[in-house]
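The values are calculated or read from the model by the stated rules, or taken from the named source; none is laboratory data. Values in this document were obtained by computation on a predicted structure and should not be read as measured data. Counting neighbours? That spans all protein chains shown, and the Cβs are built from the backbone with ideal geometry, glycine included. The area values use the complete protein model at the heavy-atom level, side chains included, leaving out ligands, DNA and RNA. Shrake-Rupley method; radii C 1.70, N 1.55, O 1.52, S 1.80 Å.
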Amino acid sequence: MKMTPLLLASSLLMTMPLMAADYDVDPAHTTVQFKVGHLGFSELVGRFNTFSGTFSMDDANPAAAKASFEVDAASVDSNHEARDKHLRSPDFLDVKQYPKMSFVSSAYEGSKEKGVLKGALTLHGVTKDVAFDLVKIGEGKDPWGGYRSGFNATTTIKRSDFGVNYMLPGIPDEMSINLFVEGVRK
């Protein structure tokens, strides 16, 4: 059997490992959410409405996964205008002094389906290492000719570690951060 250059090239491509896929976070299909207790009576759930991010995944080498996020702190939305104004104040986020929050990953441990994404979270001008528990939701072609991938990620932090001490312990120190992410492959 004679191998043509085109046949040879296509068979080499089929045997090569898949390369990492890079994604831009789709803000219309992503939620950045937080949950914190309130005076021992209830839990408050809020979100941030303005953010951007990227992530990269390599099914053949999950340890190469990486992600970065930037959040506009002033976009905090707890469904109550007066509370949101207070959350933007120096008592909490101090958005005039610290307008952005960010996360940059440093390592991933796990499979392509679930694992732990470690990295540096910067909040209120303080950077600390955190670990997000990550679960892949799915991936595939979308109706518009693109390719999408989505996952959920969750972590718990102590706000005092980031210099946000207002009304401790009435408002508990621990709070969860939940990301529901959908990305569009570049």
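Could you work out the local net charge near residue 32, counting Lys and Arg as +1, Asp and Glu as -1, over the other residues with Cβ closer than 13 Å to its Cβ? That works out to -2. Segment residue 79..residue 186, full-extension length gain: 35.2 nm, with 0.36 nm per residue of separation and the alpha-carbon distance subtracted. Per residue, the accessible area of the chain comes to 59 Å² when a 1.4 Å probe rolls over the protein heavy atoms. The distance between label points at residue 42 and residue 72 comes to 2.8 nm (points 7 Å beyond Cα on the Cα→Cβ vector).
Charge tally around residue 52: other residues with Cβ under 11 Å, Lys/Arg +1 each, Asp/Glu -1 each, net -3.
List the chymotrypsin sites (Phe, Trp or Tyr not before Pro) within segment 107-186 that DSSP assigns to loop and that have no more than 12 neighbouring Cβ atoms inside 10 Å.
Here the chymotrypsin sites (Phe, Trp or Tyr not before Pro) that fit, given the DSSP loop and packing criteria, are 144.
For segment 22-131, the fraction of alpha-carbon pairs lying more than 25 Å apart is 30 percent, rounded to a whole number. Helix 5-15 and the longest principal axis of the C-alpha atoms of the chain enclose an angle of approximately 40°. For the set 184, 32, the ranking by accessible area, highest first and with no ligand, DNA or RNA atoms included, is 184, 32 under a 1.4 Å probe.
Listed by chain and number, the lysines placed with their C-alpha closer than 26 angstrom to that of residue 85 are 35, 96, 100, 128, 158; residues fewer than eight positions away on the same chain are left out.
Built from the Cα atoms of segment 128-186, the convex hull projects on average onto 5.7 nm², one quarter of its surface area. Each stretch of four or more DSSP H residues adds -39500 (n - 2.57); spread over every residue of the chain, this sum gives -3000 deg cm²/dmol at 222 nm.
The distance between label points at residue 160 and residue 127 comes to 2.5 nm (points 7 Å beyond Cα on the Cα→Cβ vector). Place a label point 7 angstrom from the Cα of residue 173 along the Cα-to-Cβ direction, then list the residues of segment 23-46 whose backbone nitrogen is under 19 Å away. Answer for this model: 35-41. Hull volume per residue, based on the alpha-carbon atoms of the chain and their convex hull, is 138 Å³.
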